[in-house]
Amino acid sequence: MKLIFREALLTFRRAPLLSALSVTTIAFSLFVIGLFGLVAVNLQQALRQVGERVEVVAYLLPGTPIETVTQSMKDIEAFPEVQSANYVTEDQALARARAELVEFHDVLQELEHNPLPASIEVNLKPGFRDADHASQVADRLKGFGFVDDVRFGRDWVEKLDWLRRIAAAVGLVVGAAFAIVAVIIIGTTIRMTVLQRSREIKIMRLVGATDGFIRRPFLLQGALKGLLGGLVAIALSFAACLAINRWLIEAAFFSREQALGIIGFGTLIGLFGSSTSVGRHLRRV
Amino acid sequence: MIKFTNVFKAFPKGGLGLKDVSFHVAKGEFVFLTGHSGAGKSTVLKLIYADEPVTSGEVRVSGFNVAEISRREIPKLRRRLGIVFQDFRLLEDRTAEENVAFALEVTGAKSATIPARVMRVLTQVGLAAKARAYPPELSGGEQQRVAIARALVNEPTVLLADEPTGNLDDRATRGVFQLLRDINASGTAVLMATHDLDLVRQAPYRVIELRDGAVVFDSAVDEAKDQAAGT
């Protein structure tokens with residue numbers, strides 16, 4: 001094990017330029033993925049925030065007793081899709097309309113009696129904030145005898161669903177394309193390192209080194225380069241995020257798990273790239 | 001020790017490297033393999049250390065059937081052999097002792113025993129004082145001695161030398177050849193490919209001559225025939 005570490009680290013010392021080039025290439029390839037990831041993370045967050053506003057509102061028939069409403073709200077809150085249910089009385093509805101619709105202030109002031117119905121505002125749990133689930137909840141709410149009408153803004157919820165699907169598809173395709181390009185670039189860089197040491201590999205084999213013995217330092221070296229590249233990529237992404245926050249818009253950074261994921265991805269590509277390059281080379285010599 | 005029986009070697013891109021080659025090298029023997037460039041000397045050595053596959057025939061080396069050797073067995077075969085080349089094939093960014101130690105490390109030798117074994121073999125080739133020198137700091141003869149030390153460190157039963165003096169001046173050639181003779185005198189079989197006939201004439205060793213991939217002369221066989229004819 002000591003020998004493997006020594007041989008792997010020796011390469012950094014013997015070919016510092018090529019090693020630095022590999023780490024830089026890996027770092028920039030992962031940085032591109034990182035930037036794309038930042039866009040994806042922020043877009044996802046924006047969509048989640050919009051999704052939080054998906055709400056099913058059940059308007060109640062005038063004169064529904066409060067006891068009936070209170071009893072039914074327990075049933076509604078027990079729906080698997082429902083996060084919370086909030087009862088809004090006629091007076092609260094009018095107060096809210098006065099506060100929010102300032103342009104109708106005069107009209108609302110002159111009302112002789114309150115035309116607004118009481119309602120139950122139902123918020124859905126994350127994962128259920130789409131048109132299908134909202135529609136199912138709406139149908140169940142209509143089954144209550146005191147419910148006059150149910151609205152949930154079907155059009156915009158459907159648009160939100162569509163946006164989510166587009167974002168997921170584009171993210172998957174573009175993300176996969178970036179990842180493939182990164183794998184190819186990183187693989188080529190590592191292959192250069194292997195080719196640079198082809199004479200040494202040949203000599204190693206002549207003195208009786210097994211394929212495993214030759215391969216292991218390369219794997220460790222590849223993984224180390226991937227790890228370093230990943231760390232640099234995260235640092236660059238963080239700097240980019242700070243710059244975006246400072247001069248453009250407020251943007252979120254990766255969670256700790258996501259950052260570790262990118263570093264892990266770099267390490268894995270380094271390991272995988274080394275393994276295939278050195279394996280292919282060993283089969284030829 | 002080494003036995004070739006009706007060995008043919010064809011190259012994938014066409015051309016026949018060896019044609020019906022048969023010979024036997026006994027334990028502790030010193031054998032010259034001679035012939036012009038392209039006669040097949042290096043091909044014979046490559047078949048012995050399994051760098052090229054055998055097309056047909058049988059090659060047996062230190063108990064290995066090389067014609068049917070698996071990829072996993074090749075390192076084991078090579079650890080039983082010492083190989084020396086015309087171009088030395090040293091790792092230029094490692095010192096003489098590191099080059100020699102490397103051949104031990106790949107076999108998984110205990111690290112505590114390595115320095116002593118390396119120094120012993122460097123002393124044997126007369127280079128103990130230059131153990132810390134890098135190959136570019138050494139003369140051609142000295143580099144070849146490091147290569148011989150590397151070949152010897154695993155205590156091989158056979159030393160294969162492919163034109164070991166090809167890149168050396170007369171003085172260095174004599175020194176390296178004497179070293180090979182000493183190694184042979186201590187019991188290691190030596191198979192040396194060379195086209196230096198002066199060197200061949202200097203020593204009373206067996207000579208196998210190749211021409212166009214075929215054995216055209218084997219002093220062990222031909223002298224025996226002559227003796228039989230004379231009696």
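What angle, in degrees between 0 and 90 and rounded to the nearest 10, separates the Cα long axis of helix A:256-284 from the longest principal axis of the Cα atoms of chain A?
So the inclination is approximately 30 degrees.
What is chain A's relative contact order, in percent, from Cα pairs under 8 angstrom and six or more apart in sequence?
Values: 324 pairs, mean separation 87.2, N = 285.
Reported relative contact order: 31 percent.
Based only on Cα atoms, what Rg/Rh ratio does chain A have, Rh being taken as Kirkwood's radius?
We get a ratio of 1.27 for chain A.
Which net charge results when you count Lys and Arg as +1 and Asp and Glu as -1 among the other residues whose beta-carbon is under 11 Å from that of A:Arg14? Mind showing how you got there, number by number?
Working: positive: A:Arg13, A:Arg197, B:Arg94; negative: A:Glu7, A:Glu200, B:Glu92, B:Asp93.
Result for the local shell: -1.
Students often get this wrong, so check it: of A:Lys2/B:Lys76; A:Lys225/B:Lys110; A:Lys202/B:Lys27, which have C-alpha atoms separated by over 26 Å?
Values: A:Lys2/B:Lys76 23 Å; A:Lys225/B:Lys110 30 Å; A:Lys202/B:Lys27 28 Å.
Pairs exceeding the cut-off: A:Lys225/B:Lys110; A:Lys202/B:Lys27.
Please give, to one decimal in nm, the separation of the simple spin-label points placed at A:Ala167 and B:Ser186, each 7 Å out from Cα toward the Cβ.
7.5 nm
Please give the charge dipole size of region B:180-227, origin at the Cα centre, charges +1 on K and R Cβ atoms and -1 on D and E Cβ atoms. Round to the nearest 20 debye.
Working: 5 positive and 9 negative charges, 24 e Å.
Magnitude of the dipole: close to 120 debye.
With a point put 7 Å past each Cα toward its Cβ, work out how far B:His24 is from A:Ala252 in nm, to one decimal.
Going by the 7 Å Cα→Cβ label model, 8.1 nm.
7 Å from Cα along Cα→Cβ at both B:Gln178 and A:Ser275: what's the point-to-point distance in nm?
Output for this residue pair reads 5.4 nm.
Roughly speaking, what is the centre-to-centre gap between region A:230-270 and region A:128-196 when only Cα atoms are used, to the nearest Å?
Cα centroid to Cα centroid, the span is 22 Å.
FRET efficiency for A:Val50 and A:Ala20, Cβ-Cβ distance as r, R0 = 41 Å, nearest 0.05?
Values: r = 44 Å, r/R0 = 1.08.
Between A:Val50 and A:Ala20 the formula returns 0.40.
At 0.36 nm per residue, and after removing the present C-alpha to C-alpha distance, how many nm does the segment from A:Ala78 to A:Arg96 gain when stretched out fully?
Details: separation 18, 0.36 × 18 = 6.48 nm, distance 2.71 nm.
Contour length minus Cα-Cα distance gives 3.8 nm.
Which residue fluctuates most in the GNM of chain B (Cα springs below 10 Å): B:Glu58, B:Glu29, B:Glu92?
The residue with the greatest mean-square fluctuation here is B:Glu92.
Can you give the % of DSSP beta bridges in the protein assembly as shown that are antiparallel, to the nearest 5? The partial results should precede the final answer.
Working: 32 of 50 bridges.
Around 65 percent of the beta bridges assigned by DSSP in the protein assembly as shown are antiparallel ones.
Taking the Cα centre of region B:136-231 as origin, sum charge times position over the Cβ atoms of Lys and Arg (+1) and Asp and Glu (-1), and report the length of that vector in debye to the nearest 20. Before the final figure, lay out the partial values.
Details: 9 positive and 16 negative charges, 45 e Å.
Roughly 220 debye, rounded to the nearest 20.
If you take each beta carbon of peptide B:103-110 and count the beta carbons of other chains within 10 angstrom, what is the mean?
Values: counts 6, 2, 7, 11, 5, 3, 0, 0.
Neighbouring Cβ atoms belonging to other protein chains average 4 per residue here.
Would you please give the residues with an amide H less than 5 Å from that of B:Ile83, counting only those at least 5 places away or on a separate chain, with H modeled from the backbone geometry?
The answer is B:Leu160.
Quick one: order A:Leu231, B:Leu18 by neighbouring beta-carbon count within 10 Å, fewest to most.
Fewest to most other Cβ atoms nearby, the residues stand as A:Leu231, B:Leu18.
For a label point 7 angstrom out from the Cα of B:Thr5 toward its Cβ, which stretches of region B:202-231 have the backbone nitrogen within less than 20 Å?
Answer for region B:202-231: B:215, B:221.
What does the highest-first list of A:196-202, A:52-58, A:215-221 look like by mean Cβ count within 10 Å? Walk me through the numbers before you get to the answer.
Working: A:196-202: 16.3, A:52-58: 19.1, A:215-221: 22.0.
My ranking of the peptides, most packed first, is A:215-221, A:52-58, A:196-202.
Rank A:Asn123, A:Ala93, A:Pro80 by how far each Cα sits towards the positive end of the charge dipole of region A:55-151 (+1 on Lys, Arg Cβ; -1 on Asp, Glu Cβ) and give me just the farthest.
A:Pro80
Just to be sure I understand: with springs between alpha-carbon atoms less than 10 Å apart, which residue in B:Gly28, B:Gly38, B:Gly140 has the highest mean-square fluctuation in the Gaussian network model of chain B?
The residue that fluctuates most here is B:Gly38.
Over the protein assembly as shown, one equal point on each Cα, no solvent: what is log10 I(q)/I(0) by the Debye formula at q = 0.08, 0.09 Å⁻¹?
-0.69, -0.78
Springs between alpha-carbon atoms under 10 Å, Gaussian network over chain A: tell me which of A:Thr267, A:Thr24, A:Thr68 tops the mean-square fluctuations.
A:Thr68
How much mean residue ellipticity at 222 nm does chain B get from its helices, if each DSSP H run of length 4 or more adds -39500 (n - 2.57) and you divide by all residues, to the nearest 500 deg cm²/dmol? It would help to have the intermediate numbers written out before the result.
Details: 8 runs with 82 residues, N = 231.
After summing the helix terms and dividing by residue count, I get -10500 deg cm²/dmol.
Between A:Leu9 and A:Lys125, what FRET efficiency comes out of the Förster formula 1/(1 + (r/R0)^6) with R0 = 51 Å and r the beta carbon distance, rounded to 0.05? Intermediate values should be presented prior to the final figure.
Working: r = 51 Å, r/R0 = 1.01.
Between A:Lys125 and A:Leu9 the formula returns 0.50.
Cα-based Rg (one decimal) and Dmax (whole number) for region B:1-160, in Å?
16.9, 49
Please name whichever of A:Ile33, A:Ala15, A:Ala177 sits farthest to the positive end of the charge dipole of chain A, dipole taken about the Cα centre and charges placed at Cβ: Lys and Arg +1, Asp and Glu -1.
Of A:Ile33, A:Ala15, A:Ala177, it is A:Ala15.
Under a Cβ-only charge scheme (Lys and Arg +1, Asp and Glu -1), can you give me the dipole magnitude of region B:88-155 about the Cα centre, in debye to the nearest 20? Walk me through the numbers before you get to the answer.
On the way: 9 positive and 8 negative charges, 41 e Å.
In total the dipole reaches around 200 debye.
Based on alpha-carbon centroids, what's the gap between region B:81-147 and region A:82-101 in Å, whole number please?
88 Å
Would you work out the relative contact order for chain B, in percent, from Cα pairs under 8 angstrom that are 6 or more residues apart? All intermediate terms of the calculation are to be shown ahead of the outcome.
Numbers: 426 pairs, mean separation 65.4, N = 231.
About 28 percent, as a whole number.
How high is the relative contact order of region B:2-123, in percent, with contacts defined as C-alpha pairs under 8 Å that are six or more residues apart? Walk me through the intermediate numbers first.
Details: 131 pairs, mean separation 24.2, N = 122.
Here the relative contact order equals 20 percent.
Quick one: 3J(HN,Hα) in Hz for region B:45-53, Karplus 6.51/-1.76/1.60 with θ = phi - 60°, rounded, Gly and Pro as x.
Rounded to whole hertz, the list is 5, 4, 5, 5, 9, 6, 8, 10, x.
Take the alpha-carbon centre of region B:176-193, take the same for region B:13-78, and report the distance between them in whole Å.
19 Å
What does the structure give for B:148-161 when I average, per residue, the other chain Cβ atoms found within 10 Å of the residue Cβ? Before the final figure, lay out the partial values.
Working: counts 0, 0, 3, 2, 0, 1, 2, 0, 1, 0, 0, 0, 0, 0.
Rounded to a whole number, the mean comes out at 1.
Using a 10 Å cut-off around each Cβ, can you sort B:Met192, A:Met204 from fewest to most neighbouring Cβ atoms? Walk me through the intermediate numbers first.
Details: B:Met192 27, A:Met204 24.
Lowest to highest Cβ neighbour count: A:Met204, B:Met192.
For A:Ile234, A:Ile269, A:Ile26, what ranking results if the residue with the fewest other Cβ atoms within 10 Å of its Cβ goes first? Show your work: numbers first, answer last.
Values: A:Ile234 22, A:Ile269 26, A:Ile26 29.
So the ranking, lowest neighbour count to highest, is A:Ile234, A:Ile269, A:Ile26.
Let me know the mean shielding of A:9-19 by other chains, meaning the per-residue number of their Cβ atoms within 10 Å of its Cβ.
Details: counts 0, 2, 0, 0, 1, 3, 1, 0, 0, 0, 0.
Per residue, the average neighbour count from other chains is 1.
Pulled fully out, how much extra length does the chain show between A:Leu260 and A:Thr188, if you take 0.36 nm times their separation in residues and subtract their Cα-Cα distance?
Details: separation 72, 0.36 × 72 = 25.92 nm, distance 2.41 nm.
Residue separation times 0.36 nm, minus the Cα-Cα distance, leaves 23.5 nm.
Which of B:Gly35, B:Ala101, B:Leu45 sits closest to the plus end of the dipole of region B:34-189, meaning its Cα is farthest towards the positive end, when Lys and Arg get +1 and Asp and Glu get -1 on the C-beta?
The one lying farthest along the dipole's positive direction is B:Ala101.
With a Förster radius of 56 Å, plug the Cβ-Cβ distance of B:Ala224 and B:Ala109 into 1/(1 + (r/R0)^6) and report the FRET value to the nearest 0.05.
After rounding to 0.05, the efficiency reads 0.85.
Please report the Cα spread of region B:88-155 along all three principal axes, rounded to whole Å, starting with the longest.
Result for region B:88-155: principal-axis Cα extents of 31, 21, 18 Å.
Kindly provide log₁₀ I(q)/I(0) values, in the same order as q = 0.11, 0.14, 0.15, 0.28 Å⁻¹, from the Debye equation applied to equal alpha-carbon scatterers of region A:68-134.
-0.38, -0.57, -0.63, -1.12
Report the extension gain between A:Thr68 and A:Asp155 in nm, rounded to one decimal, defined as 0.36 nm multiplied by the number of residues separating them, less their alpha carbon distance. Walk me through the numbers on the way to the answer.
On the way: separation 87, 0.36 × 87 = 31.32 nm, distance 3.10 nm.
Residue separation times 0.36 nm, minus the Cα-Cα distance, leaves 28.2 nm.
Averaging over every viewing direction, what projected area does the convex hull of the Cα atoms of region B:74-113 cover, in nm²? Could you put the intermediate results ahead of the total?
On the way: hull surface 13.8 nm².
Average of the hull's projected areas for region B:74-113 equals 3.5 nm².
Read the figures in this text as sums done on the coordinates, not as results from a lab. Only a predicted model underlies this, so the values are computations on that prediction, with no experimental measurement involved. Using ideal geometry, Cβ is built from the backbone for each residue, glycine included, and neighbour counts are taken over all protein chains shown.
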